[in-house]
Amino acid sequence: MKKQLVFFFCLIICYACSNGNRQSEKATITVTLEPLRYFTEAIAGDHFQVVSMVPEGSSPETYDPAPQQLVDLSKSQAYLRIGYIGFEQAWMDKLQANAPHTKVFDTSRGVELIRGKGHRHGNHYHEGGVEPHIWNSTRNATVIVENVCAALCELDSTHRTEYRYRTDSLKQVIAQTDRDIRNLLQQADSAFIIYHPALSYFARDYDLKQISIEEGGKEPSPAQLKHLIETCRNNNVNIIFVQQEFDQHNAQLIADELGIRIVPINPLSYHWQEEMMGIAKSLHKE
């Protein structure tokens, strides 16, 4: 009996070790930010480990990767970029030079981009004046997940059918999210103010007016602040969105002057669906 027990426990240990080895051998995919990690993990299942370069709570406009992240990137099988965010514009050449064998995929391919005047944000420039926050849109999300699926199928054609199935399921979630948002916004404020213009595509999708406190990556002057307050009055703005990675001083000044609600949002959250619904619910009039 003792010999049988010893043999049984040896089997368990061997299985645990082999399973641990399989986990450690799982290929890694690096993505730029958390919402893209959500999309990628939803499609990849347990076939890849997915990590973000820009951690939640950090601004992808100005983030500088830690040395260890650059080391880890060199071990990634692929890098999925979001497209035009400041971090990528500043670091993409260095990232590719540091990891020349890592395949790079642009998940913004095919997205209908909003273009405006280029502007500088800190030490980084938004190249071509492209509004970079493409993930804050159900319409764009559908395109992004198709690009993620294509990348995964290229990296691992063995599980192509599985990736396609998960992509179709995720697109159903996105479509339902879009329907729910449209229902909420049937009775909602048509304009809002936000410090950093992260909801440009959200506003475009649902015919809303986004008023940004930040202009060209800069704090507003007293004259611009006065103009912003007047613009908000003229557009019957009742809500101001604030993000944790940006200063909230001017947002508080405007809120106090207009007597409007301050609502924290996190457009960089991993929980993409929850965040999109939360924004819509905030705009919804009871």
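The values are calculated or read from the model by the stated rules, or taken from the named source; none is laboratory data. These numbers come from a predicted model, not from an experiment. Every residue, glycine among them, receives a Cβ derived from its backbone with ideal geometry; neighbour counts consider all protein chains shown. Ligands, DNA and RNA are stripped out before the accessible areas are found, and what is left, the full protein with its side chains, is counted by its heavy atoms. Shrake-Rupley method; radii C 1.70, N 1.55, O 1.52, S 1.80 Å.
Within the stretch 214-230, how many residues turn out to be exposed (fewer than 12 other Cβ atoms within 10 Å of the Cβ) and under 16 Å from ARG261 (Cα atoms)?
Count: 0.
Pairs please, first residue from the stretch 227-256 and over 14 Å from ASP189 (Cβ atoms) and touching a residue at least 24 places away in the same chain (Cβ under 8 Å), second anywhere and of a type in the set (S, T, N, Q) and open to solvent by less than 30 Å² (accessible area, probe 1.4 Å), Cβ atoms under 6 Å, 6+ apart in sequence or on different chains.
GLU245/SER59
Of the numbered conditions (1) open to solvent by less than 40 Å² (accessible area, probe 1.4 Å); (2) in contact with a strand residue (DSSP E or B) (Cβ under 7 Å, 6 or more places away or on another chain), ARG261 satisfies every one except a single condition; which is it?
Status for ARG261: all satisfied but (1).
Among the residues of the stretch 231-244 satisfying the criterion of being assigned to a loop (DSSP other than H, G, I, E, B) and surrounded by fewer than 20 Cβ atoms within 10 Å (Cβ to Cβ), which is modelled with the lowest pLDDT? Before the answer, list the steps.
Let us first name the residues in the stretch 231-244 that are assigned to a loop (DSSP other than H, G, I, E, B), namely 235-238, 244.
Restricting the remaining residues to those that are surrounded by fewer than 20 Cβ atoms within 10 Å (Cβ to Cβ) gives 235-236, 238, 244.
Numbers: ASN235: 96, ASN236: 95, ASN238: 96, GLN244: 84.
Of everything passing the filter in the stretch 231-244, GLN244 is modelled with the lowest pLDDT.
Answer yes or no as to whether GLU274 is among the acidic types (Asp, Glu), within 30 Å of VAL51 (Cβ to Cβ) and in contact (Cβ under 8 Å) with a residue 24 or more places away in the chain.
no
Residues being free of Cβ contacts under 8 Å to residues at least 24 places away in the same chain, outside any helix (DSSP H, G or I) and buried (at least 16 other Cβ atoms within 10 Å of the Cβ): count how many of those fall in the stretch 33-50.
Counting residues in the stretch 33-50 that are free of Cβ contacts under 8 Å to residues at least 24 places away in the same chain, outside any helix (DSSP H, G or I) and buried (at least 16 other Cβ atoms within 10 Å of the Cβ) gives 2.
Suppose we keep only residues that are of a type in the set (A, V, I, L, M) and surrounded by 19 or more Cβ atoms within 10 Å (Cβ to Cβ) within the stretch 51-70. Which one would you say is farthest from the chain's Cα centre (by Cα)?
MET53
Provide a single number: the residues in the stretch 71-93 that are within 21 Å of ALA151 (Cβ to Cβ), open to solvent by 40 Å² or more (accessible area, probe 1.4 Å) and out of contact with any Pro (no Cβ under 9 Å at 6 or more places or on another chain).
Qualifying residue count for the region: 5.
Specify the residue that is modelled with the lowest pLDDT; the eligible residues are those in the stretch 94-112 that are assigned to a loop (DSSP other than H, G, I, E, B) and surrounded by 17 or more Cβ atoms within 10 Å (Cβ to Cβ).
Restricting attention to the stretch 94-112, the residues satisfying the condition of being assigned to a loop (DSSP other than H, G, I, E, B) are 99-102, 107-112.
If we keep only those that are surrounded by 17 or more Cβ atoms within 10 Å (Cβ to Cβ) as well, we get 99, 102, 107-108, 111.
Working: ALA99: 89, THR102: 94, THR107: 98, SER108: 98, VAL111: 98.
For the stretch 94-112, the residue satisfying everything is ALA99.
Return yes when SER269 is in contact with a helix residue (DSSP H, G or I) (Cβ under 8 Å, 6 or more places away or on another chain) and small (Gly, Ala, Ser) and no when it is not.
Criteria met by SER269.
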